[in-house]
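The values are calculated or read from the model by the stated rules, or taken from the named source; none is laboratory data. Values in this document were obtained by computation on a predicted structure and should not be read as measured data. Cβ: placed from backbone, ideal geometry, glycine included. Neighbour counts: every protein chain shown.
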Amino acid sequence: MTRPIRRAVVAGGSGFLGSHLCTALRARGVEVVSLDNHLTSEATNLAHLADDPGLVALQRDVTHPIDLDGPVDLVLHFASPASPVDYARHPIRTLLSGSEGTRHTLELARATGARYVLASTSEVYGDPLVHPQTETYWGNVNPIGPRSVYDEAKRYGEALTVAYREHHGVDAGIVRIFNTYGPRMRPYDGRAVPTFIRQALAGEPLTVTGGGAQTRSVCYVDDLVSGVLAMADSDEPGPINLGNPVELSVLRLAQDVVAATGSASTIVHIDRPVDDPGLRCPDITLARRRLGWTPHVDWPEGLTRTIDWFRTAIDDGAVGRDPAEVPARAGAPGR
């Protein structure tokens, strides 16, 4: 551990991953400040911590300068639209999250002397020509395609993080996050696992893109969070891949969801999106060696936990509507 972590700032703290990070940090006794403009997240993701005096949830847009009082020991930058549906609806906001959002969170870490961890993504590898993907692979990314606003924002964010580390001495590390799933995912966010679960529980056909032979390696959220915190506790610069190296086809994911839910849903095939990666699997040798990290929750167990959460959330009316049915939110003011 580079230093004791007493107070942490989580940018994107009301999001899927951010809210789980807030929970895990509070379980460690760390005071947490969550910053989120709720562009693609819900404040209800932190409702279980509403009465916890150790969590302060602020509605902030990190694409504007961040002004916080008091010491900060850790800054986690997880603020960004992260699904194809989100960044198709908010392309410029996505680019700004990776550029200005990264700059302002790095400035916060620089001013406070905090450890900094950037949430990058496996999308920096694009549609990979190397398999599995290692951190030394430079990627195969279309810089002007429909996914570029996310891919290139994250690639720029990595470059900026390295520049702050080398030129300003910021204690910064980069994690490249592969497909992650679990409770608090939005059912209409467009990613495979929540989409299939929502469709199966509703008795609707599961929509598999293309033939379904393209692969994903899905990591349960608790495992991913433990990897991020291991990075936070270290002085590793990264980038380091975090993900589950067990590779499954998209068709297999759909078939397993149908079986696990006991649904009568059928599987149908629809057109595959432009630049949809054909392969996705992390090489996690560095994570094992440098962080002592490896995932432990296997796909059947994680899927069962996630389905149970979705059932309860649907019964309680706690899951959001299809964003196509509501106006796009412009995001909150900066401060």
Note on residue 147: of the conditions (1) under 19 Å from the mean Cα position of the chain (by Cα); (2) over 22 Å from residue 81 (Cβ atoms); (3) modelled with pLDDT under 95, unmet is (2)
Looking at region 279-327, which of its residues are modelled with pLDDT under 85, outside any helix (DSSP H, G or I), loosely packed, with under 13 Cβ neighbours inside 10 Å and not acidic (Asp, Glu)? 317, 321, 326, 327
Looking at 276, 223 in this structure, which one is farther than 23 Å from residue 148 by Cβ, among the acidic types (Asp, Glu) and within 20 Å of the chain's Cα centre (by Cα)? 223
Would you point out which residue out of 73, 69 is surrounded by fewer than 21 Cβ atoms within 10 Å (Cβ to Cβ), farther than 17 Å from residue 238 by Cα, modelled with pLDDT under 95 and among the charged types (D, E, K, R)? 69
Can you find a residue that is buried (at least 21 other Cβ atoms within 10 Å of the Cβ), assigned to a strand (DSSP E or B) and either touching a helix residue (DSSP H, G or I) at 6+ places or on another chain (Cβ under 7 Å) or β-branched (Val, Ile, Thr) (or both) anywhere in region 130-142? yes
In region 183-205, what residues are assigned to a loop (DSSP other than H, G, I, E, B), in contact with a helix residue (DSSP H, G or I) (Cβ under 7 Å, 6 or more places away or on another chain) and over 23 Å from residue 147 (Cα atoms)? 183, 184, 205
Taking region 192-224 as the search range and keeping residues that are among the charged types (D, E, K, R) and more than 22 Å from residue 287 (Cβ to Cβ), which one is surrounded by the most Cβ atoms within 10 Å (Cβ to Cβ)? 198
Taking region 24-79 and keeping only residues that are among the aliphatic types (A, V, I, L, M), in a loop (DSSP other than H, G, I, E, B) and without any contact (Cβ under 8 Å) to a residue 12 or more places away in the chain, one is left with 50
Residues of region 206-258 that turn out to be among the hydroxyl-bearing types (Ser, Thr, Tyr), farther than 21 Å from residue 8 by Cβ and not in a strand (DSSP E or B), as a count: 1
Take residue 175 and decide whether it is farther than 28 Å from residue 138 by Cβ, part of a strand (DSSP E or B) and not charged (D, E, K, R). no
Suppose we keep only residues that are in contact with a strand residue (DSSP E or B) (Cβ under 8 Å, 6 or more places away or on another chain) and of a type in the set (Gly, Ala, Ser) within region 74-97. Which one would you say is farthest from residue 25 (Cα to Cα)? 82
